Amino acid sequence: MTQDLSYVRGADEPPLLEETLGQALDQAAARWGDRLAVISPPQAILWTFSDLAWRANALAAGLVSLGLVPGDRIGIWSPNCAEWTLTQFAAARAGLILVTINPAYRRSEVAYTLNKVGVKALVSAERFKTSDYIGMIEDLAPEVSGAPPADLRAIALPSLRVLIKIGGDPRPGWLDFGDVAEGAASRDPDQLARVAEIGRGLSNRDAINIQFTSGTTGSPKGATLSHRNILNNGLFVGRAMGLLAGDKLCLPVPLYHCFGMVMGNLACLTHGAAMVYPAPVFDPDATLKTVESERCDGLYGVPTMFIAVLGHPDFDAFDVSSLRTGCMAGSPCPVEVMKAVIGRLHMPDVTIAYGMTETSPVSFQTGLEDSLEHRVSTIGRVQPHLEVKIVDETGATTPRGIAGEVCTRGYSVMLGYWDDQERTAECLDQDGWMHTGDLGVIDRAGYGNIVGRIKDMVIRGGENLFPREIEEFLYRHPKVADVQIVGLPDHRYGEELCAWIRLHPGQSADEHDIRAFCDGQIAHHKIPRYIRFVDEFPMTVTGKVQKFVIRQTMIAELALTIDKTA
């Protein structure tokens, strides 16, 4: 009878890892010490696993010497770089909770993040010209940095005490990243021993990471993950794609996201593969050059990244024959794109993965044994040690092949949203089931597919965007009386944002006014591409806005088409 219902339990093998992340790094150094662990061509960095373990230990000692204690939150706000990964492992060794901050965030978003979880130390970057991270922090918190306020919108950051800068010239109030590690031993020779003592007192059930994910209502939520959550998810993701010791995995995906720091870095850590960072931010040219020069065995990306790589004007001039495997996740993949990745990029073992930040993130993934048909038309099968069920609106498990909400349970489910019991209880029930808000089906062979979303979420280029957060920001505009945000299909990014805006009586505005209001205050990918000014919204008889009507109207007006997806 159970086989007729949409309930699946993953395999019980291999066994779960029960180490902390620091212990796993020590084991990797002991097992693969001379193998390359980190390759960053832009920085000319080649670190072995022994190098990485030694550097992480030294940085952890430096952080402890600054007065940080287990359980303190340390934020990192930077594009991809070797120092990002070093901070990830050093924080784990010191018992700190790493708060990963989207590099696209701007002042108000960063201030909310730092204050919500009480970040005590912040690592940021000046070397990269992608954004003025240092300047924005100094604008927000002049009392910490010692810089004069340059913006009257400065926001108090009461918990922030330590500022650490990657690269650039000396600045008042900021410690140099290299000095934090290099000076620890000279300040106090016993710091390394203290780090070891801290490590012995940690549990793999302790919180290690807070990742912010926006909600359909209210402000972003801090999904809190444990060592056990993310270390095991990295293990099983790497296993599904056939990652081997000595492989080189090209990671153009952002490290602040689970795709980079868990599916990328921790898959490599648990399999003895090298983490390769082609550029601070995604660049198809740099990605192809790195795959060729480093002879990478694997490549990660959301569908839009693979589309950009395949569409490079000189694609055929690059030698990508070393590629074998990789992972595509973040949003649905057009079938033809998947076929091109397997064929033109020589990635016969590429996998599709599905999950969410709150589940560390992967719940379903295709594997090496799966046929081409399953790889291009499903999200694979349930990962080991996880349970998944599809439920209807009453909470009953649906028959196989019948759509309902995807729920998952097991080691990967988050500890909860930081300091937010109410919203934790909305998605995590008393039996441990995580209610994803996604509509899915499971067929008789156990393969899953996502057919829609209950939550009003838009996925643009692999980024999860939630209309309510953007609507609430636009409500601050003095001329805006009401606003509704929907997602529209887009060939390049999967979806783009569209805003329908109703102005206060007697007011006038144009698209430029709205975008100027957003510029510098919210991330660029949250600024609507399409903006329409309307007198009213389509409503139900009970007074609810019919967003699907807005979407259908815009699709017809713009003559948009929806790509077939896997």
Legend entry - Residues Leu192 and Glu373, FRET efficiency given R0 of 45 Å [Cβ-Cβ distance, rounded to 0.05]: 0.25
Inset, instruction - State to the nearest 20 debye the size of the charge dipole of segment 1-99 about its Cα centre, where the only charges are +1 on K and R beta carbons and -1 on D and E beta carbons. - result: 320
Inset, instruction - Check each of the chymotrypsin sites (Phe, Trp or Tyr not before Pro) in segment 449-556 and keep only those in coil by DSSP with at most 15 other C-beta atoms within 10 angstrom; list them in order. - result: Tyr475
Inset, instruction - For Ile442, enumerate residues with amide H under 5 Å from its amide H, sequence gap 5+ or separate chain, H modeled in the peptide plane. - result: Gly401, Ile402
Inset, instruction - Looking at the chain, send over the antiparallel percent of its DSSP beta bridges, to the nearest 5. - result: 60
Inset, instruction - Find which of Gly461, Ala329, Gly62 sits farthest along the positive direction of the dipole of the chain, computed with +1 on the beta-carbon of Lys and Arg, -1 on that of Asp and Glu, about the Cα centre. - result: Gly62
Inset, instruction - Give the value in nm², to one decimal: projected area of the alpha carbon convex hull of segment 459-558, averaged over all directions. - result: 6.7
Inset, instruction - Compute the length gained on full extension between Glu422 and Leu46: take 0.36 nm times their separation in residues and subtract their Cα-Cα distance, giving the result in nm to one decimal. - result: 130.8 nm
Legend entry - Total charge dipole magnitude, segment 405-462, about the Cα centre, Cβ charges on Lys, Arg, Asp, Glu only, Debye to nearest 20: 320
Inset, instruction - Name every cysteine in the chain that ends up alone, with no second cysteine's Cβ under 4.7 Å, or say none. - result: Cys81, Cys258, Cys268, Cys327, Cys333, Cys407, Cys427, Cys498, Cys518
Inset, instruction - With a Förster radius of 56 Å, plug the Cβ-Cβ distance of Ile342 and Gln507 into 1/(1 + (r/R0)^6) and report the FRET value to the nearest 0.05. - result: 0.60
Legend entry - Coil-residue GluC sites (Glu not before Pro) of segment 368-409, DSSP, other Cβ within 10 Å capped at 11: Glu369, Glu393
Legend entry - Arg551 versus Ser203: modelled label distance in nm, points set 7 Å from Cα along the beta carbon direction: 4.2
Inset, instruction - Answer with one residue from Phe306, Ser40, Val486: the one whose Cα lies farthest towards the positive end of the charge dipole of the chain, charges on Cβ with Lys, Arg +1 and Asp, Glu -1. - result: Val486
Inset, instruction - Using only alpha carbons, build the gyration tensor for segment 21-221 and give me the equivalent ellipsoid semi-axes, biggest first, whole Å. - result: 28, 19, 17
Legend entry - Among beta bridges that DSSP assigns inside segment 21-221, antiparallel share in %, nearest 5: 20
Inset, instruction - Can you give me the three principal axis dimensions of the chain from its C-alpha atoms, in Å, biggest first? - result: 72, 60, 55
Inset, instruction - Count charges around Ala104 for me, please; just the other residues with Cβ under 14 Å from its Cβ, Lys/Arg as +1, Asp/Glu as -1. - result: -1
Inset, instruction - State to the nearest 20 debye the size of the charge dipole of segment 459-558 about its Cα centre, where the only charges are +1 on K and R beta carbons and -1 on D and E beta carbons. - result: 160
Inset, instruction - May I have the extent of the alpha carbons of segment 187-259 along their three principal axes, as whole Å values ordered from largest to smallest? - result: 46, 42, 25
Inset, instruction - First select every other residue whose beta carbon is under 15 angstrom from the beta carbon of Leu269; then total the charges, Lys and Arg +1, Asp and Glu -1. - result: +3
Inset, instruction - Step through the residues of segment 18-33 one at a time and calculate ³J(HN,Hα) from phi using the Karplus curve (6.51 cos²θ - 1.76 cosθ + 1.60, θ = phi - 60°), rounding each to whole Hz and writing x for Gly and Pro. - result: 10, 8, 7, 5, x, 5, 5, 5, 4, 5, 5, 5, 5, 8, 10, x
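Quick note: the coordinates plus some simple rules give every number you see, no bench work behind them. Keep in mind the model is a prediction, meaning the values are calculated, not measured. Note: ideal-geometry Cβ built from the backbone for every residue, glycine included; neighbour counts use all protein chains shown.
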